[in-house]
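Trainee: Once you've had a glance at the structure underneath, I'll fire off some questions.
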Amino acid sequence: MIRKIVLSHFLLMFGYKLFSAYFALYLVERGLVLSQIGYSYFFIYIAFVLFAPVVGILSNRFSPVFLSGVGISGYALYSLGMIAVSPGLPFYFLQVMLGCSAALFFVSSRAMLIESELVHHDAAFGWFYSAPIYANFIAPIIGGIILYFFGFFGVFIASILIYLLNILLRAIHKGEYIASHHAAHAHIGDLKNYLSIFKRIKERGLLNILILSFAMLIVDGFYSSFFILFLKDRGLSQSEIITYVGVFSAALVPISLITVRFLKKAIVSGGIFWGGFIHAASTFVIGAMGYKLPLSGLLFVNTSKSFSDFMMNSRRSGAISKEFPEHAIEAGVVDTIFAPLGVALGALIGGFIVSTFGFQVLFITGAAIVLIVTLLVSLFANKNSD
């Protein structure tokens, strides 16, 4: 079951990453300025956040496999809309629709994982978070080739075909999903379940992981919205950017495999602060020396930052999954909200910073945010352990 969920996640991300790696370039090509690019990402992720609890309510009436299938269909409609719609109100509506589609897929998928009988919770979510890494290993290269010959029209058409394949496989596996999971959830939308989760998060010591993870996600919003434009500002051509993205993605594959094995043996609370320090240090180096570093050095630093992201995301989701198996949907909603909310705020804040002060200040500010939060959380944890 876990393999099928991971496969569906892989195909969704494969279709999305055909163009998402170059989406900022597409927005510039359509005439959007830096602040408007930040708004575009903000609308995607804030819709993700706001619609996630709605998915929890819908799960009272519909199975997770159906809702995730609707989410995949939304991705396909989004790619179709990007071909037909010009910048304006309909364009921003499509960003909101994509966020809602993402909420449908990810809340449902997390719920199915949490409901499964997991032996190694961190490792299971490690595989789940590995799916976009594997997709990112191939998709940007293929997307770059299609982009070179056919432009963004060809890239969006290719993504639609991948989504349709995912929908077909989801339909084939539908019977197995229903047999393995509860088709109906009698009281999943109960507010008491959410209150119980938030209370136990504080009691079980998960708050440190969540706070630090959220700070890192805000800075990740800087990267997802503006890192490709930073490479362009540094002087890289489109073909060089495509090459950089491909090599970077390839480097993450062995790192993800090693990390998943490590997570099978690691204690959830151990080492999270080192992840924060690595993230902060890497982001600071990019801000302070990003224009002077050779591409190999920039690649190494960016890979180190992504390693800390992968570790933190897996541990956060694994910890929530382990603690709240009896509230699978609600736990899935809570876990799902973290990433898009952090990235949405990062895109909004980052758009203001980069349009006013430039890329160097953007990344140095991000490093300061993660470092300060890491120090505060670390001190608080040590104080409670005394």
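Trainee: Could you tell me the calculated FRET efficiency between Leu376 and Ile157, based on Cβ-Cβ distance and R0 = 56 angstrom, to the nearest 0.05? Each step should come with its number before you reach the end.
Mentor: Working: r = 48 Å, r/R0 = 0.85.
After rounding, the FRET efficiency stands at 0.70.
Trainee: OK, next. Using a simple spin-label model with points 7 Å from Cα along the Cα→Cβ vector, what separation in nm is obtained for Arg61 and Lys292?
Mentor: For the pair Arg61/Lys292, the computed spacing is 6.1 nm.
Trainee: A follow-up question, please. Using the heavy atoms of the protein chains and a 1.4 angstrom probe, tell me the accessible area per residue for segment 40-86 in square angstrom. The partial results should precede the final answer.
Mentor: Numbers: 1790 Å² over 47 residues.
Normalised by residue count, the accessible surface of segment 40-86 is 38 Å².
Trainee: Kindly sort Glu330, Glu323, Glu29, Glu240 by accessible area of their heavy atoms, largest first, with the probe set to 1.4 Å.
Mentor: Most to least solvent-accessible, the answer reads Glu29, Glu240, Glu323, Glu330.
Trainee: Mind giving me the FRET efficiency for Ile142 and Val33? R0 is 30 Å, r the Cβ-Cβ distance, nearest 0.05 is fine.
Mentor: 0.55
Trainee: Considering the zone a paramagnetic label at Arg234 would reach in this model (a point 7 Å from Cα along the Cα-to-Cβ line), which residues of segment 340-366 have amide N under 12 Å from it?
Mentor: Correct set: 360.
Trainee: For the pairs Lys199/Lys322; Lys232/Lys292; Lys17/Lys232; Lys17/Lys322, flag any whose C-alpha to C-alpha distance is greater than 21 Å.
Mentor: Lys17/Lys322
Trainee: Label 7 Å along Cα→Cβ of Thr356; segment 44-74 residues with amide nitrogen under 15 Å?
Mentor: Correct set: none at all.
Trainee: Carbon and sulfur: what percent of segment 1-76's accessible surface (1.4 Å probe)?
Mentor: Solvent-exposed carbon and sulfur of segment 1-76 make up 67 percent of the total.
The values are calculated or read from the model by the stated rules, or taken from the named source; none is laboratory data. Everything quoted here is computed from the prediction, not taken from an experiment. Cβ atoms come from the backbone with ideal geometry, glycine included; neighbour counts cover every protein chain shown. For the accessible areas, the whole protein counts, side chains as well, though only heavy atoms, and no ligand, DNA or RNA atoms are used. Shrake-Rupley method; radii C 1.70, N 1.55, O 1.52, S 1.80 Å.
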